[in-house]
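Right, I'll just put the structure down here and ask away after.
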Amino acid sequence: MNKRMFVKQIILFEITAYSIIIFMFFADEIFDLPHYLLGAPATPINWTESYMESGFVTVLAVITIVQSYLRFR
């Protein structure tokens, strides 16, 4: 495997992992996972919280992906 393919695979893995994390934020709000999985009190959907959490994770994702690209290019 050449270096260019290796870099693409790393970046694809990072994008996939961060996408799963962001999906879980929204799944938590929509399905109230702590309520069903852990027996916590039910809570209403809080879209603002999901958007803020997703924004922070997106910033971290961009930083990580750029650093990986610069490190391995």
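The values are calculated or read from the model by the stated rules, or taken from the named source; none is laboratory data. Every value quoted in this text rests on a predicted model; they were computed, and no experiment measured them. With ideal geometry, Cβ positions are generated from the backbone for all residues, glycine too; neighbour counts draw on all protein chains shown. To get the accessible areas, we keep the full protein, side chains included, count just its heavy atoms, and leave off ligands, DNA and RNA. Shrake-Rupley method; radii C 1.70, N 1.55, O 1.52, S 1.80 Å.
Please indicate, with yes or no, whether at least one residue in the range 35-55 is open to solvent by 70 Å² or more (accessible area, probe 1.4 Å) and touching a residue at least 40 places away in the same chain (Cβ under 8 Å).
no
Then there's this: Tell me which residues, restricted to the range 12-47, are modelled with pLDDT under 95, of a type in the set (Val, Ile, Thr) and in a helix (DSSP H, G or I).
Matches in the range 12-47: ILE30 only.
So ILE10 ticks every box in (1) free of Cβ contacts under 8 Å to residues at least 40 places away in the same chain; (2) surrounded by 13 or more Cβ atoms within 10 Å (Cβ to Cβ) but one. Which box is left unticked?
Among (1) free of Cβ contacts under 8 Å to residues at least 40 places away in the same chain; (2) surrounded by 13 or more Cβ atoms within 10 Å (Cβ to Cβ), ILE10 violates only (1).
State all residues of the range 59-73 that are loosely packed, with under 11 Cβ neighbours inside 10 Å and either in contact (Cβ under 8 Å) with a residue 60 or more places away in the chain or closer than 10 Å to ILE10 by Cβ (or both); if no residue qualifies, say none.
Selection gives ARG71, ARG73.
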